[in-house]
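Quick notes on the structure that follows.
The values are calculated or read from the model by the stated rules, or taken from the named source; none is laboratory data. All of these numbers come straight from a predicted model, not from anything done at the bench. Because the Cβ atoms are built from the backbone with ideal geometry, glycine has one as well, and the counts that use them run over all protein chains shown.
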Amino acid sequence: MAEATTRRDTLGLATRVKALAVANPVLDLDRRKSQRVTHDWVGYQMEELALTAIDTVTLKMDFEDGVRQEDVIEAIARVATLQMPDRDEAEHLEVAGWVLDGLISVGTVNRDFEHVYGVAIDGRYVSHSFAFKLLREISGADGRPRLRASNEAIAVLVGAVDIDIASEQVAADAKLEALVRRGRLTDAYRAAEMALRRTVQYAEHIRSGLEQMRRDVRSVDWSRDVQRMQIEALEHIEDRIKAENAIKDNLVQMMENSTEEATPQQAAELIAILEECLRRHAALQANLQEVGEQFRAEQERQVFVPPPSRSHVDLENQLLHPVLELSIGQAGPLLDRFVNAASAPRRPEVLYLPDLITGLMTPPADHDSDDDLIVDPEFADTEDAAAFSDGQYAAVEALLGRADTAGVRLSTLLRSARDQDAAQLDRPRREHLLALHVLGLFGAPRLDPSDGTVLSAQADGVALDDVTFAGDDLLLVRRSVSDAALAEDRLNDRLRETV
């Protein structure tokens, strides 16, 4: 009997040690702020900022998704502004980011906090390592990171670790109901906030169990683990919905019968919290009703997943340290091959012209009803901005006028365009306009009716040697109409002989 009592006391001691360990990262923020020699953050109360971060994530996250880091940093910065109003906004945001990094445990390999505790079993003291997270990052629906609060983080808010969450939630609702019945709405508001956090904690507890099933369906048993948890959770949620609806009805009656101004406002605030609890219970209930289908789907999916064929790569010892001993020339090709082998194949985002034309030519689908809001667009009169000025066109035409029967190279014209005025700001655009004109003359010669000549560009296999453009160094030639026709016939005969 004495041994049993001793063992119970020891296990209770270990539970309380865990509770202290969970609170230690929050308290450690205030100790570490004095170690920052480049910032004077003495006036900030880091524990309050950390609890603000945990509270924000806890109340804003839902069953599937988390909270954006920007929203959490904004909430922390608002409290930091109240603590130190004489500091600027940039410092408030920097403090908020530092607090959030501390709660995520940025800088550690697995983002875990660890604490060693012991349990005396059969006269022996056995040490155990307690690893936990406060805020953890997940991938959101859009692929961007989101934050979720762990059970341990919510335990920091409600003040307990290693307890039966369902029982504590029942107790929280019972306390809230007793306070409402006695008319102590100020105390009831604090109890309602605690009940809401218990609701979030219970949903996170259920979600963690389901997430283990999604990772490895072979690690859980359907009838012993999953189905039992589903039945117990659904019964618990049903009881909570009934209890919270009863409290809500009492508050509504209190609002209707009260003659004081403060009571209806306090009751309305309590009703808002209870409605949030009911909404979260309904979402959790909907997810629990799909557990059976999810379990069968995971069985079908995971049964065909082959076991890993190779072990994980130790990036630090197997890659980083050997590469640091090599020169840049030696390490570059090795790292390129590693990245190509380790990265998943990704389809390049290339525009496929037939798909684009099909999408543009497809008429819009007809709606079944005319209930949709039709907005008539308003078009304003705008003028198209010219890509090139009249002076640039005139300068290019003057350069094209140098072409004669002997021909002039595109490279020569480009050098002439650059030598005209080296300090002129529109020179790069004039060069592009010249290249476009010459390229157009290559496919479509231009007839000048005034003197009966044809201006064309020809490719004779000479490469263009230029700092800006590449390709063939086209030969710009001006011939009479008859000579141009004769040259075209010769070119066609040469092409037919080649074929």
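Return the pairs, sorted by first residue and then second, in which the second residue is β-branched (Val, Ile, Thr) and in a strand (DSSP E or B), the first residue lies in region 85-111 and is over 15 Å from residue 32 (Cα atoms) and not assigned by TED's automatic domain parsing to the domain that holds residue 151, the beta carbons are less than 9 Å apart, and the residues are 6+ apart or on different chains.
none
For residue 117, indicate whether it is touching a Leu at 6+ places or on another chain (Cβ under 9 Å) and more than 30 Å from residue 281 (Cβ to Cβ). Before you say what the answer is, go through the steps one by one.
Details: touching a Leu at 6+ places or on another chain (Cβ under 9 Å): yes; more than 30 Å from residue 281 (Cβ to Cβ): yes.
Against the criterion (touching a Leu at 6+ places or on another chain (Cβ under 9 Å) and more than 30 Å from residue 281 (Cβ to Cβ)), residue 117 qualifies.
Run down 415, 430 and say which single residue is surrounded by fewer than 17 Cβ atoms within 10 Å (Cβ to Cβ) and either among the charged types (D, E, K, R) or modelled with pLDDT under 80 (or both).
Numbers: 430 fails: surrounded by fewer than 17 Cβ atoms within 10 Å (Cβ to Cβ).
When all the criteria are applied, what remains is 415.
Test residue 184 against the criterion of being within 19 Å of residue 275 (Cβ to Cβ) and not polar (S, T, N, Q), and give yes or no.
Details: within 19 Å of residue 275 (Cβ to Cβ): no; not polar (S, T, N, Q): yes.
For residue 184, the condition - within 19 Å of residue 275 (Cβ to Cβ) and not polar (S, T, N, Q) - is not met.
Scan region 112-148 residue by residue and report those that are touching a Lys or Arg at 6+ places or on another chain (Cβ under 8 Å) and among the small types (Gly, Ala, Ser).
Hits for region 112-148 are 120, 139, 140.
Inspect all residues belonging to region 135-144 and state whether any of them is surrounded by 15 or more Cβ atoms within 10 Å (Cβ to Cβ) and among the small types (Gly, Ala, Ser). Talk me through it step by step, then tell me what you get.
Kept after step one, since they are surrounded by 15 or more Cβ atoms within 10 Å (Cβ to Cβ), are these residues of region 135-144: 135-137, 140.
If we keep only those that are among the small types (Gly, Ala, Ser) as well, we get 140.
Yes, because at least one residue in region 135-144 is surrounded by 15 or more Cβ atoms within 10 Å (Cβ to Cβ) and among the small types (Gly, Ala, Ser).
May I ask you to verify whether residue 60 is closer than 28 Å to residue 198 by Cβ, outside the structural domain of residue 279 (by TED's automatic domain parsing) and free of Cβ contacts under 8 Å to residues at least 12 places away in the same chain?
For residue 60, the condition - closer than 28 Å to residue 198 by Cβ, outside the structural domain of residue 279 (by TED's automatic domain parsing) and free of Cβ contacts under 8 Å to residues at least 12 places away in the same chain - is met.
In this structure, is residue 147 surrounded by 20 or more Cβ atoms within 10 Å (Cβ to Cβ), assigned to a strand (DSSP E or B), of a type in the set (A, V, I, L, M, F, W, C) and in the same structural domain as residue 23 (by TED's automatic domain parsing)? Give the derivation first.
Working: surrounded by 20 or more Cβ atoms within 10 Å (Cβ to Cβ): yes; assigned to a strand (DSSP E or B): yes; of a type in the set (A, V, I, L, M, F, W, C): yes; in the same structural domain as residue 23 (by TED's automatic domain parsing): yes.
Yes, satisfied.
I'd like the residue in region 98-138 that is basic (Lys, Arg) and not in a loop (DSSP other than H, G, I, E, B) and, out of all such residues, is farthest from residue 52 (Cα to Cα). Walk me through how you get there before you give the answer.
Step one: filter region 98-138 for residues basic (Lys, Arg), giving 111, 124, 133, 136.
Cutting the leftovers down to not in a loop (DSSP other than H, G, I, E, B) gives us 124, 136.
Working: 124: 41, 136: 16 Å.
Among residues in region 98-138 that are basic (Lys, Arg) and not in a loop (DSSP other than H, G, I, E, B), the one farthest from residue 52 (Cα to Cα) is 124.
Pick out the one residue from 203, 243 that is under 23 Å from residue 147 (Cβ atoms), at pLDDT 75 or above and surrounded by 15 or more Cβ atoms within 10 Å (Cβ to Cβ). Walk me through it before giving the result.
Working: 243 fails: under 23 Å from residue 147 (Cβ atoms).
The match here is 203.
Can you tell me which residue in region 277-336 is modelled with the highest pLDDT, limited to those that are of a type in the set (Asp, Glu), surrounded by fewer than 11 Cβ atoms within 10 Å (Cβ to Cβ) and not in a helix (DSSP H, G or I)?
Of all residues in region 277-336, those of a type in the set (Asp, Glu) come to 290, 293, 298, 300, 314, 316, 325, 336.
Restricting the remaining residues to those that are surrounded by fewer than 11 Cβ atoms within 10 Å (Cβ to Cβ) gives 293, 300, 314, 316, 325, 336.
Then drop every residue that is not not in a helix (DSSP H, G or I), which leaves 314, 325.
Working: 314: 75, 325: 87.
Within region 277-336, the match that is modelled with the highest pLDDT is 325.
Please tell me if residue 348 is exposed (fewer than 10 other Cβ atoms within 10 Å of the Cβ), closer than 30 Å to residue 315 by Cβ, of a type outside the set (Val, Ile, Thr) and modelled with pLDDT of 80 or more. Outline the logic, then answer.
Details: exposed (fewer than 10 other Cβ atoms within 10 Å of the Cβ): yes; closer than 30 Å to residue 315 by Cβ: yes; of a type outside the set (Val, Ile, Thr): yes; modelled with pLDDT of 80 or more: no.
No.
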